[in-house]
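Where a number appears in this text, it was derived from the coordinates with a stated rule and is not lab data. Small disclaimer: the values here were computed from a predicted structure and weren't measured. Every residue, glycine among them, receives a Cβ derived from its backbone with ideal geometry; neighbour counts consider all protein chains shown.
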């Protein structure tokens, strides 16, 4: 990955690890169990609000299942983080993270992924959309798009 | 619609250039515009590189019509990041209207201020308008050192201003200019910035230009003081890692400028009268927003860095560092 400091100076950084769908599922499970534990404590401790808490527990269980289900299918809604701006360029595009004042230069494929994120598509849709637009016989586009999205998440340039 | 061929790339984020290339030339517009919206200021700081102060507004500062016409160009060319500074930007009669214009069009805007106009009402307004950050200059951890640097300034008022920003929920940055009489407080100032809620802290070497030319003998820290100063900053960077970013430039001006000759920043400096400078530390002007479009100036900017006069000025600095004293004698490229 290449970044640029606040003065527009580009420099190299290493690319991050590649995300697999299994990693998404594991994180969803962790989130799922965390919510149950938290609400379980509330049910034990609060008498007068017990019914409300039980309902909240049920709601959270359902909500967590939905998050888990979507994450397992790779359909996590995504958008650029609050302080991230995207601009198209001839070479692809740039992402500017204005809090750290770093700029990331994107090649055309990466820029296409960011355009999809800006359009409000989730990860699964993005990959589908790109593979519809380009020939991808060996799955290269899918692999690279998934890896790129993982990088964006890791660097907190997107929020789910 | 038929499928296009996809050319596989080894690394999806390989950019248009590498670290050794001039990538700025590939951009269709600047990434950052630092606009000194007025030279007027309520303070007369010893080190001010713009020689701002009470009654120091340029005679030919842009009028409201020109200001908004220029802002419109910034928005149209999708400049992602802008800052308003001065002088003191908050004394500009159109200040809040300008902030509103940029923020309403999804621009990321930083305000660089001395903090004296950060009343609770103004901070609330900045929050409502959704400015990206407010950077406040805090050149001391005590009233005594602060006042020596910021002539006419009020330490307590500045601190109160920063607290008002925090109460309103505006992201805060703190800037510190070193002098012989305040460098010993650097650790305390970094701690104070964190306590006040800053998420970033900036400092570097004080430049020999503007007001500093007249006050250099009592202003400039010795190299020994700078060594200690940067030593503390290295320590504080580690101490606050993950909580507040501590940025500082140890590089001297000459090294910085030599670096910029090879790697121009994607940054334009706009003066209160619409002239556009190559970089603050050089006297060269590469455009005039009253007469040229931002697109034309951006094209000039690329060529201006290759102008032999710029290279010569930088190399002459090696033999004569005092050349920076003439930064306000603009040279048009």
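The table below lists the values:
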item	result
Three-way shape label, the stretch A:77-159, alpha-carbon gyration tensor, a/c 1.5	prolate
The stretch B:121-182 shape via C-alpha gyration tensor axes, a/c threshold 1.5	prolate
Per-pair calculated FRET efficiency, R0 = 45 Å: residue B:239 and residue B:290 via Cβ, rounded to 0.05	0.45
DSSP bridge orientation in chain B - percent antiparallel, rounded to nearest 5	15
Computed [θ] at 222 nm, helices only, for chain B once each DSSP H run of length n ≥ 4 contributes -39500 (n - 2.57)	-11000 deg cm²/dmol
Nitroxide proxy distance, nm - points 7 Å out along Cα→Cβ at residue B:156 and residue B:72	4.7
Chain B: most fluctuating residue of B:85, B:177, B:142 per GNM, C-alpha cutoff 10 Å	B:142
Gyration tensor (alpha-carbon) shape descriptor, the stretch B:243-333, a/c threshold 1.5	oblate
Neighbouring partner chain Cβ atoms per residue of A:98-110, average, 10 Å criterion	6
Förster radius 41 Å - calculated FRET efficiency between residue B:328 and residue A:133, Cβ distance, rounded to 0.05	0.15
Shielding by partners, peptide B:134-143 (average Cβ within 10 angstrom, other chains)	0
Number of partner chain Cβ atoms within 10 Å, mean per residue of A:85-97	5
Order of B:207, B:244, B:90 under a 10 Å beta carbon neighbour criterion, fewest first	B:207, B:244, B:90
Percent RCO, i.e. relative contact order, over chain B, from Cα pairs under 8 Å lying at least 6 residues apart	18
